[in-house]
Each structure stands twice: as C-alpha cells, then as structure tokens.
C-alpha cells in the first residue's frame, strides 16, 4: 500500500462488535459499498476499538490476506467509546497517513452499494466536489436521509430481487471529508457534540 498519494481517497469504515457478521457479508457477495474488491484502487481502513481488535483480527484473517488494499486499525480514545469517539479517532488517523490524502470517505459498516450513491462514479464524485466548493465546508454528506431498498448494481450483486414483503432498509449514505482533518490546535473539525453527544440513529421499518 505504498503507492498512494494526496489524490488517493481512502475509505475509513467505523465498526464495532460485528467481526463475524462482516466476515459473512464480505464473503457472500459484493453488496457493501466499501467492499475491497469494488474499491481495489483505494485503501480501505476498518477502524475498531482496541478492545475489539483481537476478535476482528482473528475473524478477518483470511479476508485481510485476500485483499491487500484493506487494513484493520485499532483505536483508543481514553474513556470515550462509541461512534462519536470513533469519528474523532478516524480524523486523527487520516491526519497521520504518510501519503497525506486531500480527502477521505467515512462510512459506517452497513452502507450498501447502489448505483445512485456509488462514490466511485465520476458523476457522484463531481457532485461531492460541487457540494464542498459551493458550501465551502470541509464535511459533505451524500446519499438519502432515510433508508432505501434499491438493488445492488450488477455485476456486484448476487442477491435475490427485493420482494414486496421485504421491509429491510439498508443505509445508503456516506460522508466526504476534505483536509485539513485537524485544525492548528490539533483538534478535529468535528464539533464537540458529535464526539461526546448521544448516538445518532438510523431506523427502518
């Protein structure tokens, strides 16, 4: 993974307590938006708390051996835990990458692949850059604000068509973050309430 540059857009996936689930999902098909086989030209960093690192490393041993663009990263943030602290750790990790990426993608572990939200599509990448430029914000979200049930695009899908009675609602959104990931004082660009506040929730019915 030494051929990356500032133009590389790494994907940082936040996960916790789901090692065996991810092994099953990464092995059965390519429905996850961050599947390393889909984003083979970009690095994928699976970010887990250090307390989870051992179980994840053991469960994902074959996956990590198969996909050279995927790495397991452990984080620790004092007494803070949860996804807010994981976001904080993700930005500090991004800032420490030696190839100094100018942008990263943050995803939760359950984000699925659809053609309308595929971040590798030139059209989608153009829209994301337009959002960054128009708003002059370092952080830009993309996707829908609610769960959807669009099928995974071919040739990556090995799933059966969605039935009328299937009420499962996968998440299809991600966050693009431009450098600098830390300000001059060493703090992240996320406000404090996104680190230590209540958990954000996405519910489907």
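The values are calculated or read from the model by the stated rules, or taken from the named source; none is laboratory data. Treat the numbers as computed from the prediction; the structure is a model and nothing was measured. Here Cβ is always computed from backbone atoms with ideal geometry, including for glycine, and neighbour counts include all displayed protein chains.
Restricting attention to the range 37-57, the residues that are touching a helix residue (DSSP H, G or I) at 6+ places or on another chain (Cβ under 8 Å) and within 30 Å of residue 116 (Cβ to Cβ) add up to 4. One residue alone among 25, 61 is in contact with a strand residue (DSSP E or B) (Cβ under 9 Å, 6 or more places away or on another chain), farther than 29 Å from residue 180 by Cα and surrounded by fewer than 20 Cβ atoms within 10 Å (Cβ to Cβ), and that residue is 25.
The single residue among 50, 107 that is in contact with a strand residue (DSSP E or B) (Cβ under 8 Å, 6 or more places away or on another chain) and exposed (fewer than 13 other Cβ atoms within 10 Å of the Cβ) turns out to be 50.
Restricting attention to the range 1-15, the residues that are in contact with a strand residue (DSSP E or B) (Cβ under 8 Å, 6 or more places away or on another chain) and either buried (at least 17 other Cβ atoms within 10 Å of the Cβ) or at pLDDT 95 or above (or both) total 7.
For residue 55, are the conditions met, namely being modelled with pLDDT of 95 or more and under 11 Å from residue 12 (Cβ atoms)? So residue 55 fails the test.
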